[in-house]
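The next block holds one structure in the form of structure tokens; read it before the comments.
A short reminder: the numbers here are calculations on the coordinates, not readings from a lab. What you see is a predicted model, and the numbers here were worked out from it, not measured in a lab. Note that we place each Cβ from the backbone using ideal geometry, even for glycine, and neighbour counts take in every protein chain shown.
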Amino acid sequence: MSYIVVLKDGIKVINSCWQLVLLHLLSAVISFISFFLIVGMPISIAFIVFGLDLTEILRAKDIYEVYKSSVDLLKRYFAMAIVIITSLLVYFTIIFTLWLFTVAGSLGTITEIIKSEIKRYTNKVFFSQGRKLFFPIFGYSSLIGLILVVLAFVLGILGGGISSVIEVAQKQEAVLALFLSVFFSIIIFITGIFLIFIILSITVYGIAEIIFHRSSPFKAFRETVKYIYNNPSSVLFYSLLLIGSVIVIFIVILLGSPIILIPFLGPILSPLFQIASTLVQAYINLVVFASAFVYYYKTAIVSTTGDDSGRMSSSSEDIKQENNIFPLSISQQDQTQSLKES
């Protein structure tokens, strides 16, 4: 299967539901404004009410005095600290909920278009998919987060063991210690990069598994591991998508950096560029997800013809009909449809 064809199909999907890009921009704007409303205003009011003076910390000469002054301020303004912590917790809860609902609705809409259930974006489908997929995606993301914590703990133990070996080698031979240090650093770096791409691939294809098959988080994880094991090229494809998206986003940010340095016009054009940059980043991220979902759909659903533990139970006629849903690129389907209408 050509990666370029799949990428074109992903772009075609996002172009047919471009409103999702605006929704992600709206989500970013709401996050920015709500920070000042939920966090900034209560803190400002608390400063006025409690009369907090931070000059004591600024006059500190060393870290110990900074720590001592901070502890004294915390004791005197404990109520204000509660206000700040509560404001931050409320803010992060609201923003996380908004972000996850936007992602769930977007991915659900993308999936419906890939399955040819709908052709264009509709608010009804977006909000319906957001409600249906919010908790499944949240549960799966939590599972992946737990796995990352365990992996980080294991890598930390390995790193500590390697440091002990290097310290012992330094007492025996400096050249050997240098060699071991460089060797293990390279091994850990390569292993870390490999694990990152594997975990991210499991995350994306696992979400696709949840949306396409309505699987539970644990079942989705198990089926996704099987899928990646049977289709190792899926990891390569998503890795290329991820690397390409990072490069494009970096170039966009780099090109816009000198704008703020333009005399007089810089402060005016900078917010406009930030909006444009957010739109570009949202579009690229959605294309990455759509392309990965198209790849998963073609390799895990269209290409399957048997009963996979009750997940894909179909008669031969149903299978034949299903394989005709998305066998060609979306652009080819549109050309065929236009010929029929003419």
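Values computed for the structure shown
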{"quantity": "Cβ-Cβ FRET estimate between V150 and F183, R0 fixed at 22 Å, reported to 0.05", "calculated": "0.30"}
{"quantity": "Spacing of the two label points (7 Å from each Cα toward its C-beta) at F127 and L158, in nm", "calculated": "4.8 nm"}
{"quantity": "Gain upon complete extension [W99, N230; 0.36 nm per residue less C-alpha separation]", "calculated": "43.9 nm"}
{"quantity": "Efficiency of FRET from Cβ geometry, F92 and I45, R₀ 25 Å, rounded to 0.05", "calculated": "0.80"}
{"quantity": "Given K115/K226; K12/K124; K115/K219; K132/K226; K12/K226; K12/K119, the pairs whose alpha carbons are separated by over 18 Å", "calculated": "K115/K226; K12/K124; K115/K219; K132/K226; K12/K226"}
{"quantity": "Linear extension gain, L261 paired with T191, 0.36 nm per residue minus alpha-carbon span", "calculated": "21.1 nm"}
{"quantity": "Per-residue Cβ neighbour rank within 10 angstrom, fewest leading, S34, S233, S2", "calculated": "S2, S233, S34"}
{"quantity": "Loop sites in segment 86-160: trypsin sites (Lys or Arg not before Pro), DSSP, at most 14 other Cβ within 10 Å", "calculated": "K119, R120"}
{"quantity": "Fully extended contour minus Cα-Cα distance, from W18 to K219, at 0.36 nm per residue", "calculated": "69.2 nm"}
{"quantity": "Rounded FRET efficiency, nearest 0.05, which uses the C-beta distance separating F138 from V165 and R0 of 35 Å", "calculated": "0.30"}
